[in-house]
Amino acid sequence: SRVGHADSRWKAHSERLVGPPGNRDLTTHTPLLQKGGNGGNPDVPGQKPGHGGTKPSLVMQWLNPLFKIGHKRKLEANDMYSVLPEDRSQRLGEELQGYWDQEVERAQKDAQEPSLMKAIVKCYWKSYLIWGLFIFLEEGTRVVQPIFLGKMISYAENYDPDDSAALHEACGYAAALSACVLVWAVLHHLYFDHVQRVGMRLRVAVCHMIYRKTLRLSSSAMGKTTTGQIVNLLSNDVSRFDQVMIFLHYLWVGPLQCIAVTALLWMEIGISCLAGMAVLIILLLLQSCFRKLFSSLRSKTTAFADDRIRTMSEVITGIRAIKMNAWEKSFIDLITRLRRKEISKIMRSSYLRGMNLASFFTVSKIMIFVTFITNDLLDHLMTASQVFVVVTLFEALRFSSTLYFPLAIENVSEAVVSIQRIKV
């Protein structure tokens, strides 16, 4: 009863703060955004209300006025740009809410359980798929760079001062290598900037839906839901969307890049490349096992966190009775036990993350070592250009297959658990 009373007070306070349900925008109630387009700061030129200054450009030049202010003095909250209209919580939340309502209607017709995952996919798949093409081109430029490097080294191996055609060809390879590096740098930062924005939009939209649902819960439902559980959803579970959107595309880009690298290695050194790729395949199989462990540990961790937060809410609500009866030691021991159980699961997840990070630093070196040993056992000779090409191709797999791919598996497994918790 104490918990229900506390939640009712929190609900009433929220309604006084943001107004009645159905006509609110959470982003317009922060002190940062209450003022005009530039927060009331006349030193930020060319900024319209809610537009964050000029339109985003390739070099992010709209940040220059903010940098100038920061160079003159310490930045304050009013110096920040206002939220773009397309990023406001009301617009994002209502858009996702519309897809969720459609999913509920479809599930009722088919006598099935509605899926929040399907609603999210229908809402964001188009914009997110476009940036998948960017990461595909980015990783493609990483794969072709070793080829150009090998051609340049081959020119140095077979140097002929009288062969002007070979010189012009080598200059062409050098120019192509430089262009690939430039294209990679541009695509890399564009991709991460926009997918992080997609993740932010998903997080804000889900927070809007949770907040809206909370204010419309009945008294009986509020009695079963504590403030701590809602805070845990808004602060912990929704944060998984920011990370999963960054690495999700590597679930398909990573394997494709492995296939392309394997084909190029076969052209360079033949069957010896399969020994190195076997090491990578073993790693990918281990990552599939880690995915199941991450999902299990995430579910147990959130369950323990909910118990701890619910207990803390009850303790804070009844702190007067606890003080009067001198029950502090008993409740401290109870909360400590719950926290230890939660920390034990977090530690196991941290160990798995450490293993994933260790693979990033070691697997590429092991792959190169195994490949060269196999090539030597088969009595195959290698030129300097082939050595550079092989090493560079394996290094191209270092980020996509041994870092981003494991992170994608980890974050997808945790995001699936978070979506299930939010839906319930």
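All of the numbers you see were taken from the coordinates with simple rules; none came from a lab. Remember, predicted model here, so these are calculated numbers, not experimental data. Backbone-built Cβ (ideal geometry, glycine too); neighbour counts: all protein chains shown.
Can you give the local net charge around residue 177? Use residues other than it whose beta-carbon is closer than 14 angstrom to its beta-carbon, Lys and Arg +1, Asp and Glu -1.
Local charge sum for residue 177: +1.
Want the number for residue 235 to residue 189: 0.36 nm per residue separation, take away the alpha-carbon distance, what's left?
Gain in length upon complete extension: 13.9 nm.
Residue by residue through region 218-232, what is 3J(HN,Hα) from phi via Karplus (6.51 cos²θ - 1.76 cosθ + 1.60, θ = phi - 60°)? Round to whole Hz and write x for glycine and proline.
6, 5, 5, 5, 5, x, 8, 10, 9, 4, x, 5, 5, 5, 5
Which three extents, in whole angstrom, do the alpha-carbon atoms of region 63-191 cover along their principal axes, largest first?
77, 55, 16
Which listed residue (161, 78, 89) has the Cα farthest towards the positive end of the charge dipole for region 58-165, taking +1 on Lys and Arg C-beta and -1 on Asp and Glu C-beta about the Cα centre?
Result: 78.
In nanometres, what is the gap between the two model label sites at residue 380 and residue 358, each 7 Å from Cα along Cα-to-Cβ?
3.1 nm
Taking the inverse of the average 1/r across all pairs of different Cα atoms in region 163-244, what Kirkwood radius in Å do you get?
Kirkwood radius, region 163-244: 16.9 Å.
Calculate, in nm to one decimal, what residue 126 and residue 156 gain on full extension: separation in residues at 0.36 nm each, minus their alpha carbon distance.
Result: 6.1 nm gained on full extension.
Quickly rank 132-143, 256-267 as a protection proxy: mean count of other C-beta atoms within 10 Å, highest first.
Peptide ranking by packing, descending: 132-143, 256-267.
Given R₀ = 30 Å, FRET efficiency for residue 321-residue 77 by Cβ-Cβ distance, to 0.05?
The computed FRET efficiency comes out at 0.15.
Can you give the convex hull volume of the alpha carbon atoms of region 284-424 per residue, in Å³?
About 122 Å³ per residue, rounded to a whole number.
Compute a Gaussian network model of the chain, connecting alpha carbons closer than 10 Å, and tell me which residue from 253, 204, 231 fluctuates the most.
Fluctuation is largest for 231.
Among 357, 217, 393, which one moves the most in a GNM of the chain with springs linking Cα atoms closer than 10 Å?
Sorting by GNM fluctuation, first place goes to 217.
Hey, which of these cross-link pairs are over 18 Å Cα-Cα: 224/423; 224/292; 213/300; 118/423?
224/292; 213/300
Where Lys and Arg each count +1 and Asp and Glu each count -1, what net charge lies around residue 340 among other residues with Cβ under 15 Å from its Cβ?
+4
Along the charge dipole of the chain, Cβ charges K/R +1 and D/E -1, which of 360, 215, 377 sits furthest on the positive end?
215
Provide the three semi-axes, in whole Å and in decreasing order, of the ellipsoid equivalent to the chain as defined by the square roots of 5 times the Cα gyration tensor eigenvalues.
50, 30, 20
May I ask you to work out the translational diffusion coefficient for region 107-253 at 25 °C, viscosity 0.890 mPa s, via Stokes-Einstein with Rh from the Kirkwood sum over Cα pairs, reported in whole µm²/s?
It diffuses with D of about 125 µm²/s by this estimate.
To the nearest whole percent, what portion of all C-alpha pairs in region 204-279 is separated by more than 15 angstrom?
70 percent
What Kirkwood Rh does region 361-415 have if only Cα atoms enter the pairwise 1/r average? Answer in Å.
Taking the inverse mean of 1/r over all distinct Cα pairs, region 361-415 comes out at 12.7 Å.
So what are the ³J(HN,Hα) numbers for region 295-310, from phi and the Karplus equation (6.51, -1.76, 1.60; θ = phi - 60°), rounded to whole Hz, Gly and Pro as x?
5, 5, 5, 5, 5, 5, 5, 5, 5, 5, 5, 4, 4, 5, 5, 5
So how far, in whole Å, is the C-alpha centre of region 130-195 from the one of region 391-424?
27 Å
Percent relative contact order of the chain, based on C-alpha pairs within less than 8 angstrom and at least six residues apart?
21 percent
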